[in-house]
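Engineer: What follows is a single structure, and I will ask about it in a moment.
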Amino acid sequence: RVQGGQSTPYAATGERMRTIGIDPGDHAAKVVELDGSYKKTRLLHVGLAPAQSNDAAARTESRAEAVAVAMGEGRRGHITLAHPCREAMLRPLELPFTGRDAIRKVVKAEIEGEIQSGSVDDMIVDFHEIGPGANGGTKLLVAAVPKLGLKAVLAGLAAHKVEPESIDLDNMALWRAAHWAGVFAAEADEAPGAVTAVVDLGSHSVNVILVEGENLVEMRTLRVGDGVVADDVRHGHL
């Protein structure tokens, strides 16, 4: 779930709550349990469990089982699942009006012509507001995630009694984590409009986000990572 209409991390409030974040990972599942507010957070639990990486069906089940192990016993709170951005189609879009509710009513239809590799009806579509557009409009970054793959992940987790209440792209989670850590705090000598790039090197993909000030303005995923080279070498010598 891309937090539509939000120009700053949605959790940047004073509201106190307990949350659980899940990253199924490619080779290991990671789980954290947090308590407190966005600005004052207490870490309650960190769980890590290895997952096998075989064929697609076995990998989905292995990752779900690893998440259950990493969760441990007695975890409680709002559960958010990180979904790999490499599974999403990202498209820029500009609409001639503002307002989150108004945008949500038309964004799926507006983006349909930009997606050639599948039907938008088979995807979950959400958006992030980048900033103002021309003539009072709105610039958006739209994400479309195929339902089929996500459904398989959720079914696997449900079989282990893990039921996320919200789903977020891992690139969005990367932005929020960097924001929380103060990465985007302005330096005294920083030029106006300076853009910060944050890069996350994974085993099967590289996530890149571009942030102007504290506002996310672009994100991309490169479908290659440090584990891909090792996999290619291994397969070539089997």
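The values are calculated or read from the model by the stated rules, or taken from the named source; none is laboratory data. Please read all numbers here as calculations on a predicted model, not as lab measurements. So basically every Cβ, Gly included, is an ideal-geometry build from the backbone, and we count neighbours across all protein chains shown. Areas reflect the complete protein model, heavy atoms only, side chains present, ligands, DNA and RNA absent. Shrake-Rupley method; radii C 1.70, N 1.55, O 1.52, S 1.80 Å.
Engineer: Report the residue count in segment 83-110 for those that are without any contact (Cβ under 8 Å) to a residue 40 or more places away in the chain and of a type in the set (Lys, Arg).
Structural biologist: Summing the residues that are without any contact (Cβ under 8 Å) to a residue 40 or more places away in the chain and of a type in the set (Lys, Arg) in segment 83-110 gives 2.
Engineer: Shifting gears a bit: GLU129 - would you say it is open to solvent by 60 Å² or more (accessible area, probe 1.4 Å) and either at pLDDT below 95 or under 21 Å from MET89 (Cβ atoms) (or both)?
Structural biologist: Details: open to solvent by 60 Å² or more (accessible area, probe 1.4 Å): no; either at pLDDT below 95 or under 21 Å from MET89 (Cβ atoms) (or both): yes.
When the stated conditions are applied, GLU129 does not pass them.
Engineer: Which numbered condition trips up LEU141, out of (1) at pLDDT below 90; (2) open to solvent by less than 60 Å² (accessible area, probe 1.4 Å)?
Structural biologist: LEU141 satisfies all of (1) at pLDDT below 90; (2) open to solvent by less than 60 Å² (accessible area, probe 1.4 Å) except (1).
Engineer: Within segment 178-192, is there a residue that is under 24 Å from LEU95 (Cβ atoms) and either open to solvent by 30 Å² or more (accessible area, probe 1.4 Å) or in contact with a helix residue (DSSP H, G or I) (Cβ under 6 Å, 6 or more places away or on another chain) (or both)?
Structural biologist: So the first thing to find is which residues in segment 178-192 are under 24 Å from LEU95 (Cβ atoms), and the list is none.
Looking through segment 178-192, none of the residues is under 24 Å from LEU95 (Cβ atoms) and either open to solvent by 30 Å² or more (accessible area, probe 1.4 Å) or in contact with a helix residue (DSSP H, G or I) (Cβ under 6 Å, 6 or more places away or on another chain) (or both).
Engineer: Sort through LEU148, LEU157 and tell me the only one that's under 29 Å from GLY77 (Cβ atoms), at pLDDT below 95 and in contact with a helix residue (DSSP H, G or I) (Cβ under 8 Å, 6 or more places away or on another chain).
Structural biologist: Working: LEU157 fails: at pLDDT below 95.
Only one candidate qualifies: LEU148.
Engineer: Look through segment 184-219, keep the residues that are part of a loop (DSSP other than H, G, I, E, B) and among the charged types (D, E, K, R), and return whichever of them is farthest from PHE127 (Cα to Cα).
Structural biologist: Let us first name the residues in segment 184-219 that are part of a loop (DSSP other than H, G, I, E, B), namely 184-194, 202-205, 213-214.
Narrowing the set further to residues that are among the charged types (D, E, K, R) leaves 187, 189-190, 214.
Working: GLU187: 29, ASP189: 33, GLU190: 29, GLU214: 17 Å.
Among those residues, the one meeting the criterion is ASP189.
Engineer: I've got another one for you. Quick one: in segment 23-45, which of the residues that are among the charged types (D, E, K, R) and outside any loop (DSSP other than H, G, I, E, B) is most open to solvent (accessible area, probe 1.4 Å)? Full working, then the answer.
Structural biologist: Taking segment 23-45 as the starting set, the residues that turn out to be among the charged types (D, E, K, R) are 23, 26, 30, 33, 35, 39-40, 42.
This time we only want the ones that are outside any loop (DSSP other than H, G, I, E, B), so: 23, 30, 33, 35, 42.
Details: ASP23: 62, LYS30: 81, GLU33: 5, ASP35: 18, ARG42: 125 Å².
In this case the residue turns out to be ARG42.
Engineer: Just checking, which of ALA51, ALA88 is open to solvent by less than 30 Å² (accessible area, probe 1.4 Å), touching a Gly at 6+ places or on another chain (Cβ under 8 Å) and modelled with pLDDT under 95?
Structural biologist: Working: ALA88 fails: touching a Gly at 6+ places or on another chain (Cβ under 8 Å).
Exactly one of ALA51, ALA88 is open to solvent by less than 30 Å² (accessible area, probe 1.4 Å), touching a Gly at 6+ places or on another chain (Cβ under 8 Å) and modelled with pLDDT under 95, namely ALA51.
Engineer: Among the candidates GLY136, GLY77, GLY156, GLY118, which residue alone is closer than 30 Å to ALA49 by Cβ, touching a residue at least 12 places away in the same chain (Cβ under 8 Å), of a type in the set (Gly, Ala, Ser) and open to solvent by 20 Å² or more (accessible area, probe 1.4 Å)? Full working, then the answer.
Structural biologist: Numbers: GLY136 fails: closer than 30 Å to ALA49 by Cβ; GLY156 fails: open to solvent by 20 Å² or more (accessible area, probe 1.4 Å); GLY118 fails: closer than 30 Å to ALA49 by Cβ.
The conditions single out GLY77.
Engineer: Here is a check on your reading of the model: is SER7 at pLDDT 85 or above, more than 28 Å from ALA152 (Cα to Cα) and surrounded by fewer than 18 Cβ atoms within 10 Å (Cβ to Cβ)? Talk me through it step by step, then tell me what you get.
Structural biologist: On the way: at pLDDT 85 or above: no; more than 28 Å from ALA152 (Cα to Cα): yes; surrounded by fewer than 18 Cβ atoms within 10 Å (Cβ to Cβ): yes.
It is false that SER7 is at pLDDT 85 or above, more than 28 Å from ALA152 (Cα to Cα) and surrounded by fewer than 18 Cβ atoms within 10 Å (Cβ to Cβ).
Engineer: Specify which of the listed residues (ALA57, ALA70, ALA66, ALA12) is at pLDDT below 90 and in a helix (DSSP H, G or I). Show your work before the answer.
Structural biologist: Numbers: ALA70 fails: at pLDDT below 90; ALA66 fails: at pLDDT below 90; ALA12 fails: in a helix (DSSP H, G or I).
On inspection, the qualifying residue turns out to be ALA57.
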